[in-house]
1. Please go through the range 140-154 and give me each residue that is surrounded by fewer than 24 Cβ atoms within 10 Å (Cβ to Cβ) and part of a helix (DSSP H, G or I), ordered by number.
2. Determine whether Asp154 is without any contact (Cβ under 8 Å) to a residue 12 or more places away in the chain, out of contact with any helix residue (DSSP H, G or I) (no Cβ under 7 Å at 6 or more places or on another chain) and of a type in the set (D, E, K, R).
3. Do any helices (runs of 4 or more DSSP H) lying entirely in the range 246-337 carry at least 3 residues that are modelled with pLDDT of 90 or more, and which ones are they?
4. Give the residues of the range 321-344 that are among the aliphatic types (A, V, I, L, M) and either in contact (Cβ under 8 Å) with a residue 60 or more places away in the chain or more than 17 Å from Ile356 (Cα to Cα) (or both), sorted by residue number.
5. Can you find even one residue in the range 166-187 that is assigned to a loop (DSSP other than H, G, I, E, B) and touching a His at 6+ places or on another chain (Cβ under 9 Å)?
6. Kindly indicate whether Ala5 is closer than 22 Å to Leu91 by Cα, part of a helix (DSSP H, G or I), out of contact with any Cys (no Cβ under 9 Å at 6 or more places or on another chain) and not assigned by TED's automatic domain parsing to the domain that holds Gly195.
Amino acid sequence: MTPRAAYITLNQIENIGPVRVRAMVEALGSPEAVLSAPAAVLATVRGIGPKVAEGIVTQRATVSADREEAAAAALGARILTPLDDEYPAPLKTIYDPPLCLYVRGTLTKQDEQALAVVGTRRASHYGMAQADKLAYLAAKAGFTIVSGLARGIDTAAHLAALKAEGRTVAVLGGALDKLYPPENRELAERIAVHGAVISEFPLGREPDRTTFPYRNRIVSGLSKGVLVVEAGLDSGAMNTAEQALEQGRSVLAVPGRVDLPGAKGPHRLIQNGARLVEDLPDILREFEFLFPPDEQARLAQRQDARQRLTLSGPEHAVVRALWPEPELDFDVLIRKTGLPSAQLMTLAMQLEMKKIIRRLPGRRLALMDDIRRWDLEPEAASPV
């Protein structure tokens, strides 16, 4: 058996993980030796003991590296170990790098310049808009966007990276063949084409409360930093931020409304020293070793212009209604666009963040002055 096959076999054995395997390999000399040692020898390794040792001996006779690789290949995936060149270099620097990564798609050198964007599954309209904006701009700036394929902020981050024609990596909380949530299956297929869907768990492993914290350390470990958009104090996103700090990664956070539960996590992080992020330049400043000042200025200017031109259909309707008017009352804008009040409030917030409109006293809205200097009709500002 090769060392690589030994790691794939060990990864399928329950109740041991990267730290215990590393201890056994250091004590016995190789992963192959771990798979051939008797239980009495394994039990002498620190952190193993008789019960775990007996479990290893019992299970190693029932698992197979060849079978696992064949099953992965049938899913269109391959298995990487730390011995493989494609195994992500950033993960080798963390305390407990995965023994294996099951990969659908491709991992490239470019992915070492990654930003994790994480947050709550129950995101507000504001949170979703911020995740979309910041992940889109970061992807355009050259970051690979890493997240966990969960509902809410994770989904918004992956979709924004795809919209930006950038790369994105989804780290699963279960096996590749147990994708969760099921409604993101189509999104996972798109990510595999423009990045990678990965998991450390052997095939057949269902996601549960115990698996997601393990997933979180990979999300942060793959990244230069973690951006938390909305998160409760006791949440997976905050766990990811904690893992990032332990791994020596940067932590960034988006401020929110003080009356929203999802603002408590980011605000706590900011109080404790995380970089406050409102727009792309805040992200670029955190990673100035990657982006010299002149490059930061160029990217910020280019992304601002492109962001302004990236309007959805309903956003077009708002701009068209405002175009001939110096300003409009909010209720008048509802009548002119035919949009529901709640949707119009969300659109107004998004257009304000894109620096296309501004709010005036008395629930009135107006286009920004420099927008009117464009030789551009609203209809021409089509999505890109």
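The values are calculated or read from the model by the stated rules, or taken from the named source; none is laboratory data. For clarity, every value in this text was computed on a predicted model and none was experimentally measured. Every residue, glycine as well, gets a Cβ built from its backbone with ideal geometry; the counts of neighbours run over all protein chains shown.
1. Scanning the range 140-154 gives a single hit, Lys140.
2. Taking the combined requirement at face value, the residue does not satisfy it.
3. Of the helices (runs of 4 or more DSSP H) lying wholly inside the range 246-337, those with at least 3 residues that are modelled with pLDDT of 90 or more span 264-271, 280-286, 330-337.
4. At the first step, the residues of the range 321-344 found to be among the aliphatic types (A, V, I, L, M) are 321-322, 328, 332-334, 339, 342, 344.
Residues satisfying the conditions are Val332, Ile334, Leu339, Ala342.
5. Step one: of the range 166-187, the residues assigned to a loop (DSSP other than H, G, I, E, B) are 166-167, 172-175, 179-181.
Now restrict to residues that are touching a His at 6+ places or on another chain (Cβ under 9 Å): 166-167.
Yes, the range 166-187 has at least one match.
6. Values: closer than 22 Å to Leu91 by Cα: yes; part of a helix (DSSP H, G or I): yes; out of contact with any Cys (no Cβ under 9 Å at 6 or more places or on another chain): yes; not assigned by TED's automatic domain parsing to the domain that holds Gly195: yes.
For Ala5, the condition - closer than 22 Å to Leu91 by Cα, part of a helix (DSSP H, G or I), out of contact with any Cys (no Cβ under 9 Å at 6 or more places or on another chain) and not assigned by TED's automatic domain parsing to the domain that holds Gly195 - is met.
For (1) within 18 Å of Ala72 (Cα to Cα); (2) among the small types (Gly, Ala, Ser); (3) surrounded by fewer than 23 Cβ atoms within 10 Å (Cβ to Cβ), each residue gets a yes or a no:
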| position | (1), (2), (3) |
| --- | --- |
| Ile191 | yes, no, no |
| Gly195 | yes, yes, no |
| Phe201 | yes, no, no |
| Glu206 | yes, no, yes |
| Arg209 | no, no, yes |
| Phe212 | no, no, yes |
| Asp234 | no, no, yes |
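Residue-wise test of (1) polar (S, T, N, Q); (2) under 26 Å from Leu80 (Cβ atoms); (3) touching a Lys or Arg at 6+ places or on another chain (Cβ under 7 Å).
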residue	(1), (2), (3)
Gly221	no, yes, no
Leu252	no, no, yes
Gly262	no, no, no
Asp279	no, no, no
